[in-house]
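Since the structure comes first, as structure tokens, the remarks are kept for the end.
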Amino acid sequence: STFLRQNALIALMAHDRLTPDTAMTHVLDELGAQFGFDRLWSGLSPLQRATLRLLAEHIEQPYAESSTARLAALTGGGAPTIDRVQTALRRLSRLGVVEKVERALRLNDPLLEVWVRSRPETDFRTG
């Protein structure tokens, strides 16, 4: 978004050791701390984090075989059962970060969506 690019540019100008990529990471980390995304993230299980990532990527069918395979790849574990995915979705909904929009589940905060998509693959691993 324009907001993120502008803040990354400001970070680049303020910190001469940053590159464009590290400036964006810096801005996203700062926003994550400011809005409590990092606290939310630390309270989630690897499966809940990976499920949030699927929703941030606008995956329409979180129970499909391709989705559970993606969840397994993200977490480094086996493919979760539909019940485990449903449990993860219910928790995310109870936390108020996921809502149903036109029959699809979506993150309700576009900034959180960008932040979740920016997380490194290692943030989803089990153990």
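The values are calculated or read from the model by the stated rules, or taken from the named source; none is laboratory data. What you are looking at is a predicted structure, and each value in this text was computed from that prediction instead of being measured. For neighbour counting, all protein chains shown are included, and Cβ atoms are generated from backbone atoms with ideal geometry for every residue, glycine included. All accessible areas refer to the heavy atoms of the entire protein, side chains included, with ligands and DNA or RNA removed. Shrake-Rupley method; radii C 1.70, N 1.55, O 1.52, S 1.80 Å.
Data overview
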quantity	calculated
Residue check for Q48: open to solvent by 80 Å² or more (accessible area, probe 1.4 Å) and touching a helix residue (DSSP H, G or I) at 6+ places or on another chain (Cβ under 8 Å)	no
Filter result (open to solvent by 70 Å² or more (accessible area, probe 1.4 Å) and over 15 Å from S45 (Cβ atoms)) within the range 93-107	E99, K100, E102, R103
Those residues of the range 34-63 which are among the charged types (D, E, K, R) and touching a strand residue (DSSP E or B) at 6+ places or on another chain (Cβ under 8 Å), in sequence order	E60
Members of the range 108-125 that are within 17 Å of P46 (Cα to Cα) and open to solvent by 90 Å² or more (accessible area, probe 1.4 Å)	R117, T122, R125
Breaking point among (1) surrounded by fewer than 19 Cβ atoms within 10 Å (Cβ to Cβ); (2) in contact with a Lys or Arg (Cβ under 6 Å, 6 or more places away or on another chain), for A56	(1)
Filter result for A56 (among the hydrophobic types (A, V, I, L, M, F, W, C) and over 14 Å from R119 (Cβ atoms))	no
